[in-house]
Amino acid sequence: MTGTPEAPGQFGLWGKEAKRDWPLITKNEAQEALGAFGLTCEEAIEWHSARPFSAVSRLRDGSGAIWFLKRHHRALRDAAALRQEHDFIAHLARHGLAVALPRATSSGDTTYSSQGRDGAIWCYECFPALDGQDLYRDRMSWESYLTADQAFEAGNALARFHRAAEGYSAPSRAQRSLVSALTPLCGPQGPASGLQAWIASMPDLEQALTDLGGDHALIAALTPHFERAAPLLVAPVLRWGHGDWHGSNLIWHERPAPQSSAAQSDEASYSAGVPFDFSMADLTTRGFDLAVALERSMIGWLTPHATPDTAPDYSVGWKQVRAFLRGYHEEWPLTAQDRAGIAAFLPLAHVSFACSEIWYYTCLVEQPALARVTHDTYLVAHARWFSTKNGQKLLDLVASPDSLGNAR
């Protein structure tokens, strides 16, 4: 890994990289933004996040309370987009989830906007630190859970999240960039037509894909998976989901050591608390949100293996797949139909987000080489993998009763 605490780099397509897309938040910038939220900050910034797509800093106010200040480029998240997320967070809080609520400005708004020296419009949000441990702070999405027990806990926490999210009503955010969108695939015309219409509705994305050769390779890779999922996409029961569920978006709590010496272990035990970072949340289904969660953490996308036919293969955390689904099932039982839906959605879980990443690299940060890599090794290659022997084995496991086996 590269980077230092002062210049942490960022998580990239193949690990941590020294170069950042967005500059770090400076102390003067933080003081101005926190002032808008009615806070003071005289101390140095304690920590900068390595996550891409935005800049996040951890700071202390004059009383010593810890805050996270997050800055977005307006093309990714403007004030209206952040307010949508904050409205969803408020719903979760009203329904028993102890999430961190955004700090409001003196005008009552939960966002603050400012123009940078380069003319860019930045949008800020500010959250108090949650009690617990950021156990996965230095792990990327696409990395596995540390243990099967923690995979179980994450699955159980997702079920509790889905219960708290019930009843929330808001339109889909599928036209927003970098969202785990399902709705483009829905409708009577079928998922292929829906995806192509969604792409065509965003001319910059359409042109970016055209420059990379069009959507022929993508549609070909997705066709067998579209056929499996099509009946579930005609009139799905839509509800809001998280869209980016993995260990680094959860707060963790260490359990007290057992009193019995016979039961003691050198390995600490953790329970999963509440989630944070709702930037990819959208109108979805339970099955699709679960599929996204499995796609994020159960397949070794960062370490492809060479195969005789040149198509890469990836390892699967079989024990963690079972543990995660078992954890969810203990809180909100998964029927055979539910499991079949998760399996059908799993090869599609990355598609809209990966398309959006191609737009991001092509149009916003102007890194066409990364757009090509995203297209070839993420968008298309991941879809193709689910048609391989190992990919099919994973889909079969998710759909089977064996996926709920005792994996702890």
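Coordinate-derived values only; no laboratory data. Keep in mind that this is a model prediction, so the values were computed, not measured. Note that each Cβ is placed from the backbone with ideal geometry, even for glycine, and that neighbours are counted across all protein chains shown.
Rounded to the nearest 0.05, the FRET efficiency derived from the C-beta distance between Gln189 and Trp47 at R0 = 56 Å is 0.75.
Across the options Gly287, Gly241, Ala306, the greatest Cα extent toward the positive end of the charge dipole of region 236-354 (unit charges at beta carbon of Lys, Arg, Asp, Glu) belongs to Gly287.
Using all C-alpha to C-alpha distances in region 10-128, build P(r) with 5 Å bins and read off the rounded percent in each one. P(r) for region 10-128, in whole percents per bin: 2, 11, 21, 22, 21, 15, 7, 2, 0. For the chain, averaging the sequence separation of C-alpha pairs within contact (under 8 Å, six or more residues apart) and dividing by the residue count gives a relative contact order of 17 percent. What the Kirkwood sum gives for region 130-221 is a hydrodynamic radius of 16.9 Å, with every pair of different alpha carbons counted. Along its first, second and third principal axes, ordered by size, region 223-328 spans 55, 42, 24 Å in Cα coordinates. Please get the size of the charge dipole for the chain, origin at its Cα centre, with Cβ charges of +1 on Lys and Arg and -1 on Asp and Glu, quoted in debye to the nearest 20. Roughly 480 debye, rounded to the nearest 20. Of the DSSP H helices in the chain, those that are both long (alpha-carbon extent of 24 Å or more along the helix axis) and hydrophobic (Kyte-Doolittle mean at least -0.5) are 148-165. Sorting the Cα pairs of the chain by distance into bins of 10 Å, from 0 upward, gives 5, 22, 33, 27, 11, 2, 0 percent per bin.
A Förster radius of 35 Å combined with the Cβ-Cβ distance from Glu254 to Lys393 puts the calculated FRET efficiency at roughly 0.50. The Ala311 and Ile121 beta-carbon pair, evaluated with R₀ = 45 Å, returns a calculated FRET efficiency of approximately 0.55. Label-to-label distance for Lys19 and Gln133 is 3.6 nm, based on points extended 7 Å past Cα in the beta-carbon direction.
Sparsely packed loop sites in region 62-166 (the trypsin sites (Lys or Arg not before Pro) outside DSSP H, G, I, E and B with at most 10 other Cβ atoms within 10 Å) comprise Arg117.
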